Structures are given as C-alpha cells and as structure tokens.
Amino acid sequence: MSCLEDCHFGARQGSLQKVKISGGGRCNVTHACWEPAELVQYYPRGGKELLGPFHKFACGDTVAWFEDRGVPLKIEEDGRMFPESDDSGSIVNCLMKSCIKAGVKIQTSCKVVSVNIIDTGYELTTSKGNWKAARILMAAGSSNGMWKLLKELGYGIVPPVPSLFTFHIHDKALHELMGLSVSNAVVKYPELKIETSGPLLITHWGVSGPAVLKMSAIAARALHEKNYHFDIRITWAMGMTKSDIEGFRKSKGAATVGGQSPVNLPARLWKYLVSRADIAHDKRWADLDKEEMEKLFEVLTDDLRSIKRKEHV
C-alpha cells in the first residue's frame, strides 16, 4: 500500500494491549457527557484545542459508533461508560473487525526512521520500507524517538512529564485493604489548592481510581518538580458533618465504634479509619470524648497522607 491513511504502525506485536487491560479488563470506553463545552473541562491541558474536534466527534458519536457495530455501552453511576458485556475483548474485537472491513493494514515492530514533507504530503522511511501519505497522525507517547522526529518537522516540544499515575502510601495496614473502593471521595493537593473527586480505589501500594488519576493529570508538572514527594488530604466520607457524628453517638451509644458506622463505607475500611483515629474498635459510641470525636471527624473528612513516589496504573 502506498497511502499511509490506510496503515497503522504499532510499536510491539499484539494489537490493542492497553485497551485489553483498561478499566480493570472492562474498558472504560467514554464518558456520559454530551456537550463539548462541558466535556473539555475534564481535560486539565488542551481543552481549548479539543473543543473544535469534539464538536465534530464526541462522546455521543462514540456511543453511536460502537452500537452501530453491535457493541452497546452502558452508563455507570459516576458517568463512566463500559461495554454491556463488561469485557474489554468486545471493544478490541469491534475495533479489529472494523479495521479489517475498512482495509486498514497494521504494521507492528516497524521502526519509523524519518518523516519528510513532500509535495503530496509526507514520506516515511521505516525499517520495512518507505511509505507516502497525504496525512499522518503521530501518537508519540513516551517515545523519545517520536519526539525527536516531531522536533525535526519543526514542532515546538514542551518537555513531557509523567501523567495519569497512582500514589504510593507507605502504610501496610492500608495495603491490606487492596481492592476496596469508595464510590465518591475527594483528593486535595493543598499546596496548589487543587481538588478532584470521584471513585477512589485502594491498592497494594496506596490509592488509585479516577479521583487520584485526575489529580495526577492536573498536577502532573508540579508533582514532577517535587520528585513525587508531596502531601494530599483525602475525604473518605463526602458530606459528613460533626453533627452527623454527634447524632450517631447519641442514637447508637451502646454500639461499639468499630461495629457501627455512620457512613456508607466498606466495613474493613471503616475499622481501619477508626484505628487511624486511635480509637479502640470495642469502645462504645457513648464513651467517646470530644477529642476522639474531633479526631474521627478529621480522619473521615480531611485525612492527611504523605506520598513518597508515583506508581504506574
């Protein structure tokens, strides 16, 4: 083939590997946000540049595209959209079948050596021959070679830093809760007054999930400059007030603090947070003093955690 519009170059053997593992193997395809002006607000960088493209093809178009090809999507409570099959394989198969039907040729393990501008568009020199195209799309990722080619074409390159990573918290007791999640938490980076919200997942190294990933994207450069040593504050219980705790203490006074919770959190996570507030699990609610109530409220709504390094998703 001579036209690169019909050809895709892949760095490694095996297509769409990242799609297969995205969303915990379910593949979070898109988000239930139908207005371009609202959608660009979710992009910490590049929102202005994406407004035009989103007016041409946005989330609704994505949903229609997959449903037209026999892959219906569903909306979850937080707005994320997954295939109804809950299997990323249905997305991979749909994309691969669509490529085959459109006559797309996929070249893997094919190094792009140079890109030159010619009268009809571009000419690429690769390890498997030369290719010409009217248009090319370069997804550079973290490839220094691709950044070098873009710079040679005259593009200004902003030094890249990692984004979309998770946070490492040195706390074995927290790590033992891996797999537990909070449907709607808040993560704050006080130094820059940045705040993100959404589902939060506990992992065997710390915390992940949309609330954390959004923070890593918005504060990517600031966190890089800190060498990923920084403090965050986590709100585990959204909307919790001191009167909520006091009211629960009065109504459930005979119950143990570890056994009865005023918030909708996983039982194991609740007990962990009670311990973090230095309160014994078998202590009765009625026996909590003012200082213990204050400490418990602080842990639930403004839990200060030190991050020592980033972790890959």
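Across region 83-138, Cα-Cα pairs farther apart than 12 Å form 74% of the total.
Computed over the alpha-carbon pairs of region 112-242, the distance histogram in 10 Å steps reads 11, 30, 21, 16, 16, 5, 1 percent, short to long.
Coordinate range of the alpha-carbon atoms in the chain per principal axis, descending: 81, 44, 35 Å. In this label model, residue 41 and residue 267 are separated by 4.0 nm, measuring between points 7 Å along each Cα→Cβ vector. Between the exposed loop cleavage positions of the chain, defined as chymotrypsin sites (Phe, Trp or Tyr not before Pro) in a non-H, G, I, E, B DSSP state with at most 16 neighbouring beta-carbon atoms within 10 angstrom, the longest gap is 156-313.
The stretch between residue 172 and residue 64 holds 34.4 nm of extra length on full extension. This uses 0.36 nm per residue minus the Cα-Cα distance. Stokes-Einstein, applied to the Kirkwood radius of region 16-175 over Cα pairs at a viscosity of 0.890 mPa s and 25 °C, places its translational diffusion at 129 µm² s⁻¹. Projecting the Cα atoms of 52, 133, 64 onto the dipole axis of region 4-152, where Lys and Arg carry +1 and Asp and Glu carry -1 at the beta carbon, places 133 farthest toward the positive end. Each of 104, 178, 235 was placed along the dipole of the chain (beta-carbon charges, centred on the mean Cα), and the one lying farthest toward the positive end is 104. Once you wrap a convex hull around the alpha carbon atoms of region 236-304, what is its projected area averaged over all directions, in nm²? Approximately 4.0 nm², given one-decimal rounding. Treating each Cα of region 163-313 as an identical point scatterer and ignoring solvent, apply the Debye formula and state log10 I(q)/I(0) at q = 0.18, 0.21 Å⁻¹. One equal scatterer on each Cα of region 163-313 leads to -1.01, -1.28. Distance between the modelled labels on residue 120 and residue 135, one decimal in nanometres: 1.8 nm (7 Å Cα→Cβ projection). Counting only Cβ charges, +1 for Lys and Arg and -1 for Asp and Glu, the dipole size of the chain around its Cα centre is about 860 debye. Between residue 17 and residue 222, the contour length at 0.36 nm per residue exceeds the Cα-Cα span by 70.8 nm.
Listed by Cβ neighbour count within 10 Å, with the fewest neighbours leading, 231, 171 appear as 231, 171.
Every number here is computed from the coordinates shown, using simple stated rules; none is lab data. The structure displayed is predicted, hence computed values, not measured ones. When we count neighbours, we look across all protein chains shown, and the Cβ atoms used for this are built from the backbone with ideal geometry, even at glycine.
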